[in-house]
Amino acid sequence: FELLREDFLIDGDFDSWVEDDEESLKQFRHSCLVESIPPGLRHNDDIYEFYDSIFRGRVKRAEILYDTERLTLLMNQRDQVIAKYENVQARHIYHANKYKRQIGQNQTTFSDRLFALCRKAPKEPSPIQIRIKGEHV
């Protein structure tokens, strides 16, 4: 791996290199990878100032590249939780409206009232209870 990395830094990326792109080749030869940057320096301006203070006038630019794989995973999990919540909420609204319709039916005639007494009384839906990490919401 070290030999491949050294070749890359010396010669650049041949897949994206263009004959007249001397600036890209210069950038490849003068680039370095830094990991475990303290949180207080994780901004382009801050990291530039840090390296410019060490290599005065020789730093052309500094860029922070973020690994967003974990963020993408968390966003996907969030979308799944939202979809589950919306499904539960929709079912709750449906059952609440169904209960209101059953309770609010006009029972004007004697036979309607008698039929309503013989029917099983509708059950009032309970409030939405969702458990997220062991806590009810």
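The values are calculated or read from the model by the stated rules, or taken from the named source; none is laboratory data. Keep in mind it's a predicted model, so treat the numbers as computed, not measured. Positions of Cβ are generated from backbone atoms using ideal geometry, with glycine treated the same way; all protein chains shown enter the neighbour counts. In case anyone asks, the SASA skips ligands and DNA or RNA and just uses the protein heavy atoms, side chains included. Shrake-Rupley method; radii C 1.70, N 1.55, O 1.52, S 1.80 Å.
Quick rundown of the values:
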item: Checklist (1) at pLDDT 80 or above; (2) surrounded by fewer than 10 Cβ atoms within 10 Å (Cβ to Cβ); (3) assigned to a helix (DSSP H, G or I) applied to Tyr94, failing item; result: (2)
item: Members of the range 42-73 that are closer than 20 Å to His30 by Cβ, surrounded by 10 or more Cβ atoms within 10 Å (Cβ to Cβ) and not charged (D, E, K, R); result: Asn44, Ile47, Tyr48, Phe50, Tyr51, Val59, Ala62, Ile64
item: Unmet criterion (only one of (1) at pLDDT below 70; (2) open to solvent by less than 80 Å² (accessible area, probe 1.4 Å); (3) under 35 Å from the mean Cα position of the chain (by Cα); (4) not hydroxyl-bearing (Ser, Thr, Tyr)) for Ala116; result: (3)
item: Verdict on Gln89 being modelled with pLDDT under 90, touching a Lys or Arg at 6+ places or on another chain (Cβ under 9 Å) and either within 30 Å of Pro127 (Cα to Cα) or in a helix (DSSP H, G or I) (or both); result: no
item: Qualifying residue in the range 104-111 (condition: at pLDDT below 90, among the polar types (S, T, N, Q), in a helix (DSSP H, G or I) and surrounded by 10 or more Cβ atoms within 10 Å (Cβ to Cβ)); result: no
